[in-house]
1. Tell me, Asp54, Asp18 in order of fewest to most beta-carbon neighbours within 10 Å?
2. To make sure I understand, if each residue's beta carbon is the centre and we count other beta carbons within 10 Å, what order do Tyr118, Tyr14 fall in, fewest to most?
3. Sort Val56, Val63 so that the residue with the fewest other Cβ atoms within 10 Å of its own Cβ comes first and the one with the most comes last.
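No value in this document is a laboratory result; all are computed from the given coordinates. Computed from a predicted model, the values in this text were never measured in an experiment. Methodologically, a virtual Cβ is constructed for each residue, glycine included, from the backbone with ideal geometry; neighbour enumeration extends over all protein chains shown.
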Amino acid sequence: MVEDVKNRLGTLGYTVSDADEWLLNFAIDKITWLIRNECNTAEIPEGLHFAAVDMVCGEVLFVKKRSGGLDGLEVPAAVKSIKEGDTAVTYAVSDDGVTLDGFISALKNSGAEQLARYRRFAW
């Protein structure tokens, strides 16, 4: 899973450094246990692998942002409105990082709705 997380973070615009190894392993362990406890399974179900990767990436980016380590990572602005006559496009731009926070939150919660499908009863 480590390589998948590194590759996914790379596609999101974050370059993993050697200093991130402990954080990556911690986030993988944290999300693995979260999914295993939520689903009451011994392993992460195969169908949740990609959701788990996104959740780990969200956790890593969340910690890095809170510790000031995400300087330079930008999320493209979403289109807020489009006007057809004389063509006007307005982007939802925020100076306080709300767009990045929303993006990180979406990653952290990625696949949460899929967990119920794999949930087992605990006896």
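1. On the way: Asp54 21, Asp18 6.
In order of increasing Cβ crowding within 10 Å: Asp18, Asp54.
2. On the way: Tyr118 16, Tyr14 19.
Going from least to most buried by this count: Tyr118, Tyr14.
3. Numbers: Val56 28, Val63 16.
Starting with the residue having the fewest Cβ neighbours, the order is Val63, Val56.
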